[in-house]
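Heads up, the thing below is written out as structure tokens.
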Amino acid sequence: MGAITSAELNFLIFRYLQESGFIHAAFTLGYEAGIHKGGIDGNLVPPGALITIVQKGLQYIELEANTDENDEDVAKDFALLEPLEIITKNVEELQQIVKKRKREKTQSDRDKDKGKEKEHMEEHERRPGGERERDRHDQEKELEKEKDRTERDRDQDKEKEKQHTERINKVKAEEDSLAGGGPTPMDVSTTAHEISSADVTVLEGHSSEVFACAWSPAGSLLASGSGDSTARIWTIPDGPCGSITQSSPPGVHVLKHFKGRTNEKSKDVTTLDWNGEGTLLATGSYDGQARIWNSDGELKQTLFKHKGPIFSLKWNKKGDFLLSGSVDKTAIVWDTKTWECKQQFEFHSAPTLDVDWRNNNSFATCSTDNMIYVCKIGEQHPVKSFSGHQSEVNAIKWDPTGSLLASCSDDWTAKEIYTIRWSPTGPGTNNPNQQLLLASASFDSTIKLWEVEQGRLLYSLAGHRQPVYSVAFSPGGEYLASGSLDQCLHIWSVKEGRILKTYRGSGGIFEVCWNKEGSKIAACFSNNTVCIMDFRM
């Protein structure tokens with residue numbers, strides 16, 4: 001096996017983190033290790049390259065440890081080493097372990113052979129006509145013991161079965177209680193309608209993974225952000241989607257985040273957000289700069305202040321402030337009239353992963369330091385601090401009224417809860433008479449729907465087979481779209497907790513979003529494409 005340079009190893013780890021869904025970690029590693037300076041063409045590196053190399057390396061170590069110069073060409077037993085031993089010990093130590101265990105195995109096999117021979121002789125002697133015949137009293141005692149053991153085993157089996165049944169009934173009762181007597185969690189439809197590729201418009205043009213997408217609130221424009229250092233604004237025609245692959249449609253604007261060659265410094269687009277009127281698009285980049293574009297794709301402003309990648313970017317509802325959160329541990333409020341830094345908030349001790357406005361003047365931030373801070377423009381200290389999480393906080397979201405703050409972290413049941421979304425229902429929304437719900441998506445492949453007032457779990461949706469990256473409620477709150485690394489987009493009935501429609505793409509899905517009418521869904525994929533699907537029940 002040829003030697004791998006440190007730059008190549010860093011790139012393999014970087015690609016592995018991306019493929020596994022740890023986007024924040026991938027960006028941090030790439031930024032600190034200078035991945036962009038390595039000159040490695042990522043298109044030439046196959047998926048799962050790091051795993052393949054590690055597997056081959058472990059196999060080579062195991063083979064070398066089991067090889068003896070005096071060995072002849074005989075069948076070998078390669079199950080003598082534990083995986084942890086292969087990882088933690090050198091070849092010489094492994095060879096000693098193998099030799100020792102081979103000797104032990106040989107001796108054990110001999111002992112077994114002797115035992116079998118002895119049993120055979122005893123069996124022969126116990127037969128009528130043999131030299132020894134067991135005393136009848138001893139036989140009866142042995143049979144009685146065997147009978148007692150059998151009855152005891154039966155009683156234990158019955159008790160285990162009883163306990164198992166009680167546990168199942170208890171779980172069912174708890175689930176029924178959580179669901180308010182409604183359908184139990186894991187209620188998944190097996191008759192979902194498969195969305196045909198003929199009903200999907202595929203947007204091509206990006207040359208790397210597409211991490212983010214967002215519909216304009218004002219019209220049929222869709223923005224996408226990619227690892228190719230560009231964002232794009234696509235004009236999506238009205239009417240049904242079709243089997244059209246748009247590689248260079250007339251209505252696309254390419255928003256380049258570089259001048260000249262792209263490898264001078266990575267400027268991957270990590271986040272984007274439209275203002276309330278749909279006239280301006282803000283993009284956050286791996287180079288730590290925020291950029292403001294109009295709907296025609298013209299660069300209006302570049303905001304310099306952060307010293308690390310920007311992971312979150314949000315306009316307030318009024319549109320007079322833009323909020324950004326960065327790996328440099330800070331959050332910045334920008335005045336959109338002057339595009340000057342209104343205030344920089346330096347409370348976190350580690351990278352800021354997400355930000356969200358509570359109202360036009362206050363907001364929350366979360367970080368890998370496990371903390372959440374509620375901040376207000378003009379205040380020099382946090383208005384409130386939350387420290388309940390035991391691991392990094394991935395996302396935060398205020399409910400429509402700004403009275404409830406939801407957060408998700410890696411600390412919940414040892415599986416990463418990656419994203420959360422409030423339903424557009426309840427007080428402060430266009431659907432005030434419907435129940436407010438919270439959806440959470442996890443790396444354990446499930447989605448959970450919660451009724452918030454009483455904290456009840458309504459459904460645990462288990463239609464995906466790999467980590468779920470994104471969930472989005474339809475504008476009316478009746479449906480939920482979800483996208484996963486299993487390449488599937490599912491559309492769920494919120495009322496029934498089952499899949500209504502599903503679409504299988506050709507790559508993992510990083511984000512899904514609905515247009516303002518709720519008639520179309522966009523999904524961005526790891527295979528460099530964006531797909532648009534019609535949704536009409």
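What to note about this one:
- Qualifying residue in segment 478-491 (condition: within 19 Å of the chain's Cα centre (by Cα) and hydroxyl-bearing (Ser, Thr, Tyr)): yes
- Tabulated pairs, segment 248-263, first at pLDDT 65 or above, second in a loop (DSSP other than H, G, I, E, B), C-beta under 6 angstrom, 6+ apart or interchain: His253/Gly297; Leu255/Gly297; His257/Ser229; His257/Lys267; Phe258/Ser229; Phe258/Lys267
- Filter result for Phe535 (among the hydrophobic types (A, V, I, L, M, F, W, C), closer than 25 Å to Ile233 by Cβ and over 21 Å from the mean Cα position of the chain (by Cα)): yes
The values are calculated or read from the model by the stated rules, or taken from the named source; none is laboratory data. Note that the coordinates shown come from a computational prediction; the quantities given were computed from them, not determined experimentally. As a convention, Cβ positions derive from the backbone with ideal geometry for all residues, glycine included, and neighbour counts pool all protein chains shown.
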